[in-house]
């Protein structure tokens, strides 16, 4: 059976194959390379492609544009929770066993925009508290400081650090990942205040404070943003 793929032409010398989070096979190839040659490469790499697609299909899917409805499933700190919308005088979320309970004023129960906006805002507040706690802990033990910590929706990064500005930016979607992996991301970005690159010295700093950092980092790969 032939493998379907999306072809992108570029000016590079080699043919590159990428498997996206949704399982799509993307082939980047120079304009001079024929379709026949591309198909031969795909055939040679068929076993690797199938394994990579299978691995992607086993990932836990984090839907970034999910409408918030009663009974809907969502990952919260790495665990799959069922959204339970509860009429209340206030607005907020709390965890109860396998449910993530969303308290909403009764007049807004059928307002989808309101539900989406305030649910994700509540998640952002929860994440801010978690990040702040880890940030303060590691800044203290490492004798460092930052000027600003911000959150932003990002597709390709969990965080980024600008050492010269002493500014750290975290991905808002981290709230869906395991707590231990969130802590790793915090330490990773804080460590960039010491080493701006990804050198051996940089990872030695991380290992000093978190010996199991590789395990925590690999758990991030078990999830896929879609």
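The values are calculated or read from the model by the stated rules, or taken from the named source; none is laboratory data. Predicted model only: the values in this text are computed from it and were never measured. Cβ atoms come from the backbone with ideal geometry, glycine included; neighbour counts cover every protein chain shown.
Going residue by residue through region 215-223, is there one that turns out to be modelled with pLDDT under 95, in contact with a helix residue (DSSP H, G or I) (Cβ under 8 Å, 6 or more places away or on another chain) and crowded, with 17+ Cβ neighbours inside 10 Å?
Yes, that holds for at least one residue.
Of the conditions (1) assigned to a loop (DSSP other than H, G, I, E, B); (2) farther than 28 Å from residue 54 by Cβ; (3) touching a helix residue (DSSP H, G or I) at 6+ places or on another chain (Cβ under 8 Å), residue 143 satisfies every one except a single condition; which number is it?
Going through the list (1) assigned to a loop (DSSP other than H, G, I, E, B); (2) farther than 28 Å from residue 54 by Cβ; (3) touching a helix residue (DSSP H, G or I) at 6+ places or on another chain (Cβ under 8 Å), residue 143 breaks only (3).
Out of 184, 138, 173, 134, report the one residue that is over 21 Å from residue 214 (Cβ atoms), in the same structural domain as residue 205 (by TED's automatic domain parsing) and not in a loop (DSSP other than H, G, I, E, B). I'd like the intermediate steps shown before the answer.
Numbers: 184 fails: over 21 Å from residue 214 (Cβ atoms); 138 fails: over 21 Å from residue 214 (Cβ atoms); 134 fails: over 21 Å from residue 214 (Cβ atoms).
173 is the lone residue from the list that is over 21 Å from residue 214 (Cβ atoms), in the same structural domain as residue 205 (by TED's automatic domain parsing) and not in a loop (DSSP other than H, G, I, E, B).
Would you mind telling me which numbered condition in (1) under 24 Å from residue 182 (Cβ atoms); (2) in contact with a helix residue (DSSP H, G or I) (Cβ under 7 Å, 6 or more places away or on another chain); (3) assigned to a loop (DSSP other than H, G, I, E, B); (4) free of Cβ contacts under 8 Å to residues at least 40 places away in the same chain residue 93 fails?
Of (1) under 24 Å from residue 182 (Cβ atoms); (2) in contact with a helix residue (DSSP H, G or I) (Cβ under 7 Å, 6 or more places away or on another chain); (3) assigned to a loop (DSSP other than H, G, I, E, B); (4) free of Cβ contacts under 8 Å to residues at least 40 places away in the same chain, only one is false for residue 93: (3).
From the residues in region 100-124 that are loosely packed, with under 14 Cβ neighbours inside 10 Å, under 25 Å from residue 171 (Cα atoms) and free of Cβ contacts under 8 Å to residues at least 24 places away in the same chain, which one is nearest to the chain's Cα centre (by Cα)?
Of everything passing the filter in region 100-124, 121 is nearest to the chain's Cα centre (by Cα).
Would you say residue 78 is at positive phi, at pLDDT 95 or above and in contact with a helix residue (DSSP H, G or I) (Cβ under 8 Å, 6 or more places away or on another chain)? Talk me through it step by step, then tell me what you get.
Values: at positive phi: yes; at pLDDT 95 or above: yes; in contact with a helix residue (DSSP H, G or I) (Cβ under 8 Å, 6 or more places away or on another chain): yes.
Here the answer is yes, as residue 78 does meet what is asked.
Looking at (1) in contact (Cβ under 8 Å) with a residue 12 or more places away in the chain; (2) outside any helix (DSSP H, G or I); (3) more than 27 Å from residue 76 (Cα to Cα), which is the one condition that is false for residue 197?
Against the list (1) in contact (Cβ under 8 Å) with a residue 12 or more places away in the chain; (2) outside any helix (DSSP H, G or I); (3) more than 27 Å from residue 76 (Cα to Cα), residue 197 comes up short only on (1).
Specify which of the listed residues (147, 97) is more than 23 Å from the chain's Cα centre (by Cα) and not assigned by TED's automatic domain parsing to the domain that holds residue 194. Can you show your working first?
Values: 147 fails: not assigned by TED's automatic domain parsing to the domain that holds residue 194.
Result of the check over 147, 97: 97.
From the residues in region 154-169 that are under 10 Å from the mean Cα position of the chain (by Cα) and closer than 19 Å to residue 206 by Cα, which one is modelled with the lowest pLDDT?
Filtering region 154-169 down to residues under 10 Å from the mean Cα position of the chain (by Cα) leaves 154-159.
Cutting the leftovers down to closer than 19 Å to residue 206 by Cα gives us 157-159.
Working: 157: 94, 158: 97, 159: 97.
Of everything passing the filter in region 154-169, 157 is modelled with the lowest pLDDT.
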